[in-house]
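Read-outs: derived from the displayed coordinates by stated rules, not from any lab. Quantities reported herein were computed from a predicted structural model and do not represent experimental measurements. Cβ: placed from backbone, ideal geometry, glycine included. Neighbour counts: every protein chain shown.
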Amino acid sequence: MNESIAFPNLNLYFEHVGRSFHVFGIEITYYGVTLAIGMMLGIAFAFREAKRVGLDPDRFFNMALIAVVAGIIGARVYYVAFRWDYYRDHLMEIFNYRQGGIAVYGSIIGAMIAIVIYTRVKRMSFRLVTDTCCMGLLIGQFIGRWGNFFNREAFGGYTDGLFAMRLPINAVRSGDISADIAAHAANGFIQVHPTFLYESLWNLGLFCLLFFFRKHKRFDGQLFLLYLLGYGIGRFWIEGLRTDQLLMPVTGLPVSQVLSGVLVALALILLVAGHFTRRKIS
């Protein structure tokens, strides 16, 4: 298989980009490595923030580990649920994470459910905890998206723009190649929007904004709402470019676009409400 990945308009050419490597005969995927690195660095940053705002480090660390596990499960459940037409005939593949097939929103939902339960049991402030976690989550998303680079997935339609990414046809899933991409294919290659890169850079930018704003927040929960707002806007745009969208039943609408729109609207309402409530208190 051709293992090249290129960004011809940036004059960047990578001839041998593997999907995995072996250690003592055990195959380890770069997809898994990037996710693991992202999670570890995200937890480390969130732990540092927890100490800064006065949260109990031990409780917070235990909560973070539980949230990570719940997030991984949620990410897979979400993906499988909206690809059930395939997985109902391939049940054993539900447990195969090695080929990708997880969804960020599912991860967020799973982690939030775990955090809601944990904070209630331990009588911690849910809003303060989510403020503390959201930047760590962005670190995990920023780094973890590069797993899609190694898997040659999560890309958009055809483009010849500055960031156009060129991939060998035999290295990508046939179902991800739209008619427009196929029409522009040449010499066994396709050229597409690297939407994983767009989202990674968007998350990095959002992290920087929240990092510099965090000491100026007006109420607990504001950072998390800004995260939902910022991520939702970026994901709504980027999802519209992708060719591997998860679709809602009946309507056929991209589920991540719909969810992004709902979260943006909800975050805006709660931010405005929090702003005016805080003004009255002040």
- Query: Using alpha carbon centroids, what distance separates the stretch 18-38 and the stretch 96-149, in Å?
  - Reply: 21 Å
- Filter the DSSP H helices in the chain by two things, a Kyte-Doolittle mean of at least 1.0 and an axial alpha-carbon span of 24 angstrom or more, and list the hits by number. 57-81, 104-122, 126-144, 195-213, 255-281
- Query: To the nearest 0.05, what FRET efficiency results for F61 and I94 with a Förster distance of 25 Å applied to their C-beta separation?
  - Reply: 0.25
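Express the relative contact order of the chain as a whole percentage, based on alpha carbon pairs under 8 Å and six or more residues apart in sequence.
Relative contact order, the chain: 20 percent.
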- Note on the structure: Asserting the computed 222 nm helical MRE of the chain (DSSP H runs at least 4 long, -39500 (n - 2.57) per run, divided by residue count, to nearest 500) equals -19500 deg cm²/dmol
- In the chain, what is the count of Lys pairs whose alpha carbons are under 22 Å apart, counting only pairs at least 8 residues apart or on separate chains? 5
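With +1 on each Lys and Arg Cβ and -1 on each Asp and Glu Cβ, how big is the dipole of the chain about its Cα centre, in debye rounded to the nearest 20? All intermediate terms of the calculation are to be shown ahead of the outcome.
Numbers: 26 positive and 18 negative charges, 315 e Å.
Charge dipole, the chain, about its Cα centre: 1520 debye, nearest 20.
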- Query: Using the beta-carbon distance between S4 and A36 and R0 = 30 Å, what value does 1/(1 + (r/R0)^6) give for FRET efficiency, to the nearest 0.05?
  - Reply: 0.70
- Task: Compare the peptides 34-46, 10-22, 180-192 by average per-residue count of other Cβ atoms within 10 angstrom and give them in order, highest first.
- Result: 34-46, 180-192, 10-22
- For L241 and R218, FRET efficiency with R0 = 45 Å and r from the beta-carbon atoms, rounded to 0.05? 0.85
- Item | Virtual spin-label span in nm between A44 and F211, 7 Å along Cα→Cβ | 1.3 nm
- Task: Please name whichever of I115, F21, S178 sits farthest to the positive end of the charge dipole of the stretch 5-216, dipole taken about the Cα centre and charges placed at Cβ: Lys and Arg +1, Asp and Glu -1.
- Result: I115
- Taking a spot 7 Å from the Cα of N11 along the direction of its beta carbon, which residues of the stretch 161-176 have an amide N less than 18 Å from it? 161-166
- Burial ranking of peptide ranges 204-212, 231-239 (average Cβ count within 10 Å, highest at the top): 231-239, 204-212
- Task: Please name whichever of T195, P249, L210 sits farthest to the positive end of the charge dipole of the stretch 190-282, dipole taken about the Cα centre and charges placed at Cβ: Lys and Arg +1, Asp and Glu -1.
- Result: L210
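Just need the Rg to Rh number for the chain, please, alpha carbons only, Kirkwood Rh. Don't skip to the answer; put the middle values down first.
Values: Rg = 20.0 Å, Rh = 20.2 Å.
Answer for the chain: 0.99.
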